[in-house]
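S.K.: The structure's right below; bear with me while I get my questions together.
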Amino acid sequence: MIIRMAKVEIVGPKQDLLSTLDLLHNRGIFQPDPHLLERVDLAPEDRLQALVLDEEGLRERSFFQHLYERVTALLELLPETTNGISPLQPLPVMDLLAELVNQHLAKAREQTRLLADCRQEAEELQRDMVFWQALAPLLSELPNNSNLELFGITIRDLTQLQALEELLQERTLGRCHVSSTTTTDGTLVGLIATDREIAANLRKALADERVPELPLPDDLADLPLPERIAALQNKVATQAAGCRQVEAELLELARRWRPIYRRAEAWLEERLTLYRATATAYTTQLCFIIEGWMAEAEVDQLLTDLSRAFAGRVVLEQQVILEEDLDQVPVMLRNPGYFAPFEIFSRLLPLPKYSSYDPTPLIGLFFPVMFGMILGDIGYGVILLIIALLLARCCTPHRLASDVGKVLGAASLYTILFGFLYGELFGNLGETWLGLHPLWFNRGKDILPMAAFAITVGVVHILLGITLGAVADLRRHQPRKALLKLAMLTTVLLLVLALVGWFYPQSWLNTGPLLIGVGILMPVLIAAEGLLAPLELLKTMGNIISYIRIMAIGFSSVLLAVVANRLGGMTGDVMLGILVAGILHAFNLLLGVFAPTVHTLRLHYVEFFSKFLDLGGRRFEPWHKRNP
């Protein structure tokens, strides 16, 4: 349902503005609306003007804003901890925090930089490690000769390796040796050994061919070959230990100070929110004025809180919601127990206007009934009821899965009910095995009665929608539109009765006078709405005929269930028959959940709601504190 809202005006001395805003912010029940103040009529000497902070207020806001930016930057650098938020009240120590945050921010930035450099160097050493570990077997093939110069290279593919080997052999006159292998990540690497006298020429040749060289670190290059890998491993371990030490220092800083700064950040954000909220207040020479919206049920309690906090200096007055205010009233939807889960469907629509209706209760009333009318099978209903109970009990309350379970539970109960009326248990299996017979009619055979029933449901649903539209127009003080809707309702009803009398003649139902009534009403509608009136009448009749889908989809579900039973019986084997029939029934059940849901919602959204629902409302978004 749409919660009844109140338009309120809060007035008090200028010096109490921030305290009043803080109280409203803490309560989280008030949405300011500065546009309402445009219609406030005051004497010229007391004309309203936007609030401008004085020099002290501007200085304080600038101080808090700058401090908030530094605290936020510090928290982005500090790692997460499990210490929560400190209960410390920031305001008494805000000046001290302003000094400390500069020191901690500088320290955190330095440690973050050191950690980034350390990790980068560790990654480079690890890449070197992978590279040279892959080349270790090749190193063991070379003689331990200090006159050899070694080059580690990365190679694109075998074709480049062959071309490179031919080029180097030509440049060095055969005085180099090229070996290759593959690293653990699949990279092709090579080891080149040559005399130190021609190493410079060989390095130039590699540069000309754009072959990337990966030399050992300078402090490892002069070590004997067997010791190079071990020294590189030690260097990697030392670098990793250095990274862990910097991480530990940064984590210790976070453990000690992050809870305090998180508390300070939350307080500063709330304080700055109050300063921004002053833009919604207007002032005269002596006082401030705030107008806005809140739930009517909360007005008395807020009035009591203001009186207690300000000893009567700040007053609240509930004002009359004018007709020109109706489109501006924010909307808050709140539905009791049974209807609450059906909000998963109403949330798919834009928010209704305040003067319209909440579609949730209407969906809650009609959706399960139409779903059951379409599926209408005891066996399918029992399976869906079990699934619904599992979802509702095993999932977190007020979450999507839990709400789906509750909606499915209501729909499954009506599915079982209509299953008894149709005499269906997994199609015709109930009739074959248990002698189950319809309490109403067999929709698999009685197609015309089922079609007439579906059309009747459409007539009732559409006429209810037109009636709700007329009531809504009366609530908006638009009697002319309400009368036109009632005239349309009467015309549709007369046409439906005339059609019934045409196809099913009855002594008490005379078609002639009904058509005369339609003939009298049509000129009235055309005079009031123009040529759109006949088109609207045709559209409404088309909406009613659209409900024939209830019969069509249900009929196809019955036929598929019967086919599943027959195919299962034709297998000649009990287990195979159960398997075949089970698969087809599972497929039919899946369609039986999807199709009724889609088409029932379509009947609501397009045919039903178009007759009365006025969408495009503003969401109620009160001030409230951010959860830290």
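S.K.: Please determine whether any residue of region 577-597 is within 29 Å of LEU499 (Cα to Cα) and either among the acidic types (Asp, Glu) or not in a helix (DSSP H, G or I) (or both). Show your work before the answer.
M.R.: Looking only at region 577-597, we keep the residues that are within 29 Å of LEU499 (Cα to Cα), and these are 596.
If we keep only those that are either among the acidic types (Asp, Glu) or not in a helix (DSSP H, G or I) (or both) too, we end up with none.
No, region 577-597 has no match at all.
S.K.: Another question about this same structure. Kindly indicate which of ALA281, ALA309 is within 21 Å of HIS35 (Cβ to Cβ), out of contact with any Asp or Glu (no Cβ under 6 Å at 6 or more places or on another chain), aliphatic (A, V, I, L, M) and open to solvent by less than 70 Å² (accessible area, probe 1.4 Å). If you could, list the steps in order and put the result at the bottom.
M.R.: Details: ALA309 fails: within 21 Å of HIS35 (Cβ to Cβ).
Result of the check over ALA281, ALA309: ALA281.
S.K.: Then there is this: If you scan region 588-628, which residues turn out to be aromatic (Phe, Trp, Tyr), more than 30 Å from ARG258 (Cα to Cα) and touching a helix residue (DSSP H, G or I) at 6+ places or on another chain (Cβ under 8 Å)?
M.R.: At the first step, the residues of region 588-628 found to be aromatic (Phe, Trp, Tyr) are 594, 605, 608-609, 612, 620, 623.
In the following step, the residues that additionally are more than 30 Å from ARG258 (Cα to Cα) were identified as 594, 605, 608-609, 612, 620.
Answer for region 588-628, where residues must be aromatic (Phe, Trp, Tyr), more than 30 Å from ARG258 (Cα to Cα) and touching a helix residue (DSSP H, G or I) at 6+ places or on another chain (Cβ under 8 Å): PHE608, PHE609, PHE612.
S.K.: Filter region 373-410 down to residues that are of a type in the set (Lys, Arg) and modelled with pLDDT of 90 or more, then give me how many there are. Talk me through it step by step, then tell me what you get.
M.R.: First pass over region 373-410, keeping only residues of a type in the set (Lys, Arg): 393, 399, 406.
From what's left, modelled with pLDDT of 90 or more: 406.
Of the residues in that region, 1 qualify.
S.K.: Here is a list of conditions, (1) touching a residue at least 60 places away in the same chain (Cβ under 8 Å); (2) open to solvent by 50 Å² or more (accessible area, probe 1.4 Å); (3) not in a strand (DSSP E or B), and GLU317 meets all of them except one; can you say which number that is?
M.R.: (3)
S.K.: If I ask for residues that are closer than 13 Å to THR540 by Cβ and either among the basic types (Lys, Arg) or open to solvent by less than 30 Å² (accessible area, probe 1.4 Å) (or both), which ones from region 463-488 would you list?
M.R.: Scanning region 463-488 gives LEU463, GLY465, ILE466, GLY469, LEU484, LYS485, ALA487, MET488.
S.K.: Say we look at region 59-95 and pick out the residues that are hydrophobic (A, V, I, L, M, F, W, C) and at pLDDT below 85; which of these is most open to solvent (accessible area, probe 1.4 Å)? Show your work before the answer.
M.R.: So the first thing to find is which residues in region 59-95 are hydrophobic (A, V, I, L, M, F, W, C), and the list is 63-64, 67, 71, 73-75, 77-78, 85, 88, 91, 93-94.
Cutting the leftovers down to at pLDDT below 85 gives us 63-64, 85, 88, 91, 93-94.
Details: PHE63: 70, PHE64: 11, ILE85: 58, LEU88: 68, LEU91: 102, VAL93: 43, MET94: 7 Å².
Result: LEU91.
S.K.: Provide a single number: the residues in region 489-521 that are in contact with a helix residue (DSSP H, G or I) (Cβ under 7 Å, 6 or more places away or on another chain) and either closer than 20 Å to THR540 by Cα or in a helix (DSSP H, G or I) (or both).
M.R.: So the answer is 18.
S.K.: Please find, within region 1-58, the residue that is farthest from the chain's Cα centre (by Cα) out of those that are modelled with pLDDT under 65 and in a strand (DSSP E or B).
M.R.: So the residue we want is GLN49.
S.K.: Consider ALA401 against the criteria (1) closer than 23 Å to VAL598 by Cα; (2) of a type outside the set (Phe, Trp, Tyr); (3) touching a residue at least 12 places away in the same chain (Cβ under 8 Å): it satisfies all of them except one. Which criterion is unmet?
M.R.: Here ALA401 meets the rest and fails (3).
S.K.: Report, by residue number, each residue of region 497-543 that is among the β-branched types (Val, Ile, Thr) and within 44 Å of the chain's Cα centre (by Cα). Show your work before the answer.
M.R.: As a first pass, look at region 497-543 and keep what is among the β-branched types (Val, Ile, Thr): 500, 511, 516, 518, 520, 524, 526, 540.
If the condition is that a residue be among the β-branched types (Val, Ile, Thr) and within 44 Å of the chain's Cα centre (by Cα), then THR540 is the only one that fits.
S.K.: Out of curiosity, is ARG443 surrounded by 15 or more Cβ atoms within 10 Å (Cβ to Cβ), of a type outside the set (A, V, I, L, M, F, W, C) and under 23 Å from ILE374 (Cα atoms)?
M.R.: Numbers: surrounded by 15 or more Cβ atoms within 10 Å (Cβ to Cβ): yes; of a type outside the set (A, V, I, L, M, F, W, C): yes; under 23 Å from ILE374 (Cα atoms): yes.
For ARG443, the condition - surrounded by 15 or more Cβ atoms within 10 Å (Cβ to Cβ), of a type outside the set (A, V, I, L, M, F, W, C) and under 23 Å from ILE374 (Cα atoms) - is met.
S.K.: Quickly run through region 261-273 and pick out the residues that are surrounded by fewer than 19 Cβ atoms within 10 Å (Cβ to Cβ), of a type outside the set (S, T, N, Q) and in contact with a helix residue (DSSP H, G or I) (Cβ under 8 Å, 6 or more places away or on another chain).
M.R.: Matches in region 261-273: GLU269, GLU270, LEU272.
S.K.: Take GLY554 and tell me if it is within 39 Å of the chain's Cα centre (by Cα) and surrounded by fewer than 16 Cβ atoms within 10 Å (Cβ to Cβ). Lay out the reasoning, then the answer.
M.R.: Numbers: within 39 Å of the chain's Cα centre (by Cα): yes; surrounded by fewer than 16 Cβ atoms within 10 Å (Cβ to Cβ): no.
In short, no.
S.K.: Here is a further query. Could you grab me the full set of residues in region 358-396 that are small (Gly, Ala, Ser) and open to solvent by less than 10 Å² (accessible area, probe 1.4 Å)?
M.R.: Residues of region 358-396 that are small (Gly, Ala, Ser), as a first pass: 364, 372, 376, 379, 381, 388, 392.
The answer is GLY364, GLY372, GLY376, GLY379, GLY381, ALA388.
S.K.: Show the residue pairs that are 6+ apart or on different chains and have beta-carbon atoms under 8 Å apart, the first residue being within region 582-597 and free of Cβ contacts under 8 Å to residues at least 60 places away in the same chain, the second being in a helix (DSSP H, G or I) and open to solvent by 60 Å² or more (accessible area, probe 1.4 Å).
M.R.: LEU584/VAL563; LEU584/LEU567
S.K.: Scan region 508-528 and report the pairs whose first residue is farther than 17 Å from ALA487 by Cβ and exposed (fewer than 15 other Cβ atoms within 10 Å of the Cβ) and whose second residue is at pLDDT 70 or above and among the aliphatic types (A, V, I, L, M), with Cβ atoms within less than 8 Å and a gap of 6+ or a chain change.
M.R.: LEU509/LEU497; LEU509/VAL500
S.K.: Go through (1) open to solvent by 70 Å² or more (accessible area, probe 1.4 Å); (2) in contact (Cβ under 8 Å) with a residue 12 or more places away in the chain; (3) under 29 Å from HIS599 (Cβ atoms) and name the single condition LEU499 misses.
M.R.: Of (1) open to solvent by 70 Å² or more (accessible area, probe 1.4 Å); (2) in contact (Cβ under 8 Å) with a residue 12 or more places away in the chain; (3) under 29 Å from HIS599 (Cβ atoms), only one is false for LEU499: (2).
S.K.: Sticking with this structure for a sec: With the structure loaded, tell me whether ASP300 is free of Cβ contacts under 8 Å to residues at least 40 places away in the same chain and in a helix (DSSP H, G or I) or whether it fails that test.
M.R.: Values: free of Cβ contacts under 8 Å to residues at least 40 places away in the same chain: yes; in a helix (DSSP H, G or I): yes.
Spelling it out, ASP300 is indeed free of Cβ contacts under 8 Å to residues at least 40 places away in the same chain and in a helix (DSSP H, G or I).
Okay, residues lined up against (1) over 30 Å from the mean Cα position of the chain (by Cα); (2) without any contact (Cβ under 8 Å) to a residue 40 or more places away in the chain:
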{"site": "GLY372", "(1), (2)": "no, no"}
{"site": "ARG393", "(1), (2)": "no, yes"}
{"site": "GLY419", "(1), (2)": "yes, no"}
{"site": "GLY435", "(1), (2)": "yes, yes"}
{"site": "PRO438", "(1), (2)": "yes, yes"}
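S.K.: Out of the residues in region 96-151 that are modelled with pLDDT of 75 or more and of a type in the set (S, T, N, Q), state the one that is least open to solvent (accessible area, probe 1.4 Å).
M.R.: Result: GLN111.
The values are calculated or read from the model by the stated rules, or taken from the named source; none is laboratory data. Everything numeric here is computed off the predicted structure, so don't read it as measured data. Positions of Cβ are backbone-derived with ideal geometry, glycine not excepted, and every protein chain shown enters the neighbour counts. Accessible surface is based on the protein model in full, side chains and every heavy atom, while ligands, DNA and RNA are left aside. Shrake-Rupley method; radii C 1.70, N 1.55, O 1.52, S 1.80 Å.
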